[in-house]
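What follows is a short report on a single structure.
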Amino acid sequence: MTAPSSAPAPGRGGRWIRQWDPEDETFWKQTGEKIARRNLLFSVLSEHIGFSVWTMWSVLVLFMGPQYGLTPADKFLLTSMVTLVGAVVRVPYTFAVALFGGRNWTVISAGLLLVPSIAAFVVMEPGTSFSTFLLVGLLAGVGGGNFASSMTNINAFFPLRKKGWALGLNAGGGNIGVPVIQLVTLAIIGAGGGPRVLLGIYIPLIVLAAGLAAWKMDNLENVRNDTGAAKDAARDAHTWIMSLLYIGTFGSFIGYSFAFGQVLTNQFGRTPLEAAYVTFIGPLLGSLIRPLGGRLADRYGGARITLANYVAMGAATAVLIFASMQKSLALFTGAFVVLFVLTGLGNGSTFKMIPGIFQAKAQAKGLTGEAAASYGRRLSGASMGLIGAVGALGGVGINLAFRQSFLSYGSGTGAFVAFLAYYGVCFAVTWAVYLRRTAARSGAGVAAEAKPQLTYAEV
């Protein structure tokens with residue numbers, strides 16, 4: 001096995017590694033693991049700040065009192081549109097990794113975060129029109145794209161046996177950007193500061209993340225921009241099945257992250273400071289537990305962990321409905337935090353399933369060794385962008401559901417009933433497609449026929 005070379009490939013500038021085979025255990029132990037871990041670390045940093053910028057409007061709206069002239073419906077619409085842009089840009093961000101290189105695109109995508117941050121710094125004051133806030137908020141959506149490019153890049157660096165842990169750590173480190181910006185906001189509000197102080201903190205951090213990515217990260221030469229992979233992934237039913245499941249986990253996480261503070265202020269009369277004291281707890285715990293979800297999926301199978309997780313999410317949501325109807329703030333807050341934790345756990349288990357599913361399909365096609373690994377990387381990398389984008393759209397749906405629920409009923413109870421029904425659908429789909437024995441025998445578990453190949457229950 002040839003050791004990786006960071007010398008530029010012919011005709012291409014920057015740090016490019018020409019040979020990369022993480023499935024080869026000798027290569028992995030001697031050289032691959034160290035390089036992969038270094039890229040993971042700085043990928044997490046950039047993605048972390050991207051999440052903070054994407055979700056900054058979830059906390060900026062807490063600063064926007066009556067003097068800003070915005071109704072609760074305006075604020076839910078604003079956060080919904082920010083979430084929508086973050087979901088849409090995930091698709092091109094996925095393929096940008098292969099076009100520009102993982103290191104190069106991390107530098108570019110981190111630098112792009114300066115645009116929404118500086119724009120928000122300029123307009124964040126009373127008297128600014130809602131349409132201006134909406135336009136500037138849409139710019140913040142680029143922060144949501146960093147997740148897709150980061151996950152696609154890190155997926156290529158790690159072997160299948162390590163992907164659950166690596167992808168969970170990468171995503172969890174990024175997700176934690178949500179509670180971090182909420183904690184920073186809490187400190188600023190408590191000190192009597194304004195929104196421009198928050199933005200003034202993040203602008204230099206963005207520059208730092210871009211600089212460190214340029215200095216420490218690498219591009220993989222064997223990751224190519226393959227439009228055929230995108231088409232193949234889009235045609236594969238499992239891409240859309242996993243999108244459905246990821247709406248339930250990550251869509252819930254990001255949607256609740258945007259909405260939690262507003263629900264507390266509108267339904268329970270909490271002040272911005274009182275809301276800020278608790279809104280960070282759920283996203284923080286949900287982010288920290290995501291790597292554990294990946295680790296459990298590595299050990300017990302992503303489908304099994306995902307199925308159990310949806311049962312727990314349904315139970316937590318039922319408690320939320322009861323607490324909302326009883327107007328019990330303590331029970332409501334506690335159940336919401338538990339639900340956040342479960343969304344994080346499910347994020348890790350569902351994303352672990354993706355490379356395993358396509359590896360299982362490769363084995364079912366008779367592919368082995370590097371050919372199977374290459375097939376799995378090709379389709380799982382392409383599908384991650386689509387799944388991540390559709391999953392993030394769940395955050396749009398959650399904020400719109402809350403908006404409509406408050407307009408119709410004056411509380412979020414109606415929205416939670418809809419979420420409970422959706423989790424029930426996700427439970428049924430997970431069981432029917434990936435765990436039901438008859439489905440595996442009839443071909444839904446495409447790798448079940450060839451022992452000792454992977455089955456979908458093991459992915």
Checklist line | Top-ranked residue of the stretch 61-91 - restricted to ones that are among the small types (Gly, Ala, Ser) and outside any loop (DSSP other than H, G, I, E, B), ranked as nearest to GLY211 (Cα to Cα) | finding: GLY86
Checklist line | Inter-residue pairs, beta-carbon under 9 Å, first on the phi > 0 side of the Ramachandran plot and surrounded by fewer than 24 Cβ atoms within 10 Å (Cβ to Cβ) and in the stretch 347-374, second outside any helix (DSSP H, G or I) and among the hydrophobic types (A, V, I, L, M, F, W, C), 6+ apart | finding: GLY366/ALA450
Item checked: Residue in the stretch 273-284 that is of a type in the set (Asp, Glu) and at pLDDT 90 or above present -> no
Margin query: Can you tell me how many residues within the stretch 363-374 are in contact with a Phe, Trp or Tyr (Cβ under 8 Å, 6 or more places away or on another chain) and either in a helix (DSSP H, G or I) or not charged (D, E, K, R) (or both)?
Written below: 1
Next item on the list: Would you tally the residues in the stretch 318-327 being of a type outside the set (D, E, K, R), surrounded by fewer than 24 Cβ atoms within 10 Å (Cβ to Cβ) and in contact (Cβ under 8 Å) with a residue 12 or more places away in the chain?
Entry: 5
Notebook entry, point to check: Given the conditions (1) in contact (Cβ under 8 Å) with a residue 24 or more places away in the chain; (2) within 29 Å of LEU183 (Cα to Cα), and given that ALA330 satisfies all but one, which numbered condition is not satisfied?
Noted result: (1)
Item checked: Residues that are at pLDDT 95 or above and either out of contact with any Gly (no Cβ under 9 Å at 6 or more places or on another chain) or among the basic types (Lys, Arg) (or both), drawn from the stretch 335-360 -> ALA335
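Please find, among GLY190, GLY164, GLY143, the residue that is in contact (Cβ under 8 Å) with a residue 60 or more places away in the chain, closer than 20 Å to VAL91 by Cβ, in contact with a helix residue (DSSP H, G or I) (Cβ under 8 Å, 6 or more places away or on another chain) and of a type outside the set (A, V, I, L, M).
Exactly one of GLY190, GLY164, GLY143 is in contact (Cβ under 8 Å) with a residue 60 or more places away in the chain, closer than 20 Å to VAL91 by Cβ, in contact with a helix residue (DSSP H, G or I) (Cβ under 8 Å, 6 or more places away or on another chain) and of a type outside the set (A, V, I, L, M), namely GLY143.
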Check: If we only count helices (runs of 4 or more DSSP H) wholly inside the stretch 92-202, which ones have 3 or more residues that are under 28 Å from TRP20 (Cβ atoms), hydrophobic (A, V, I, L, M, F, W, C) and open to solvent by 10 Å² or more (accessible area, probe 1.4 Å)?
Finding: 102-112, 160-175
Next item on the list: Enumerate the helices (runs of 4 or more DSSP H) found wholly within the stretch 210-316, keeping only those where 1 or more residues are closer than 19 Å to THR152 by Cβ and open to solvent by less than 10 Å² (accessible area, probe 1.4 Å).
Entry: 227-235, 237-246, 252-267, 281-300
Note to self: Can you go through ILE281, ILE305, ILE289 and tell me which one is within 19 Å of the chain's Cα centre (by Cα), farther than 25 Å from THR55 by Cβ and not aromatic (Phe, Trp, Tyr)?
What the structure shows: ILE305
Next item on the list: Of the numbered conditions (1) open to solvent by 30 Å² or more (accessible area, probe 1.4 Å); (2) β-branched (Val, Ile, Thr); (3) in contact (Cβ under 8 Å) with a residue 24 or more places away in the chain, THR343 fails exactly one; give the number of that condition.
Entry: (1)
Check: Just to be sure, is THR317 within 18 Å of the chain's Cα centre (by Cα) and within 20 Å of SER287 (Cα to Cα)?
Finding: no
Next item on the list: Give the residues of the stretch 375-412 that are of a type in the set (S, T, N, Q), part of a helix (DSSP H, G or I) and either out of contact with any Gly (no Cβ under 7 Å at 6 or more places or on another chain) or surrounded by fewer than 20 Cβ atoms within 10 Å (Cβ to Cβ) (or both), sorted by residue number.
Entry: SER380, SER383, GLN404, SER408
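The values are calculated or read from the model by the stated rules, or taken from the named source; none is laboratory data. Quick caveat, the model's predicted, so the values are computed rather than measured. Cβ: placed from backbone, ideal geometry, glycine included. Neighbour counts: every protein chain shown. Calculation scope for accessible area: heavy atoms of the full protein, side chains included, ligands and nucleic acids excluded. Shrake-Rupley method; radii C 1.70, N 1.55, O 1.52, S 1.80 Å.
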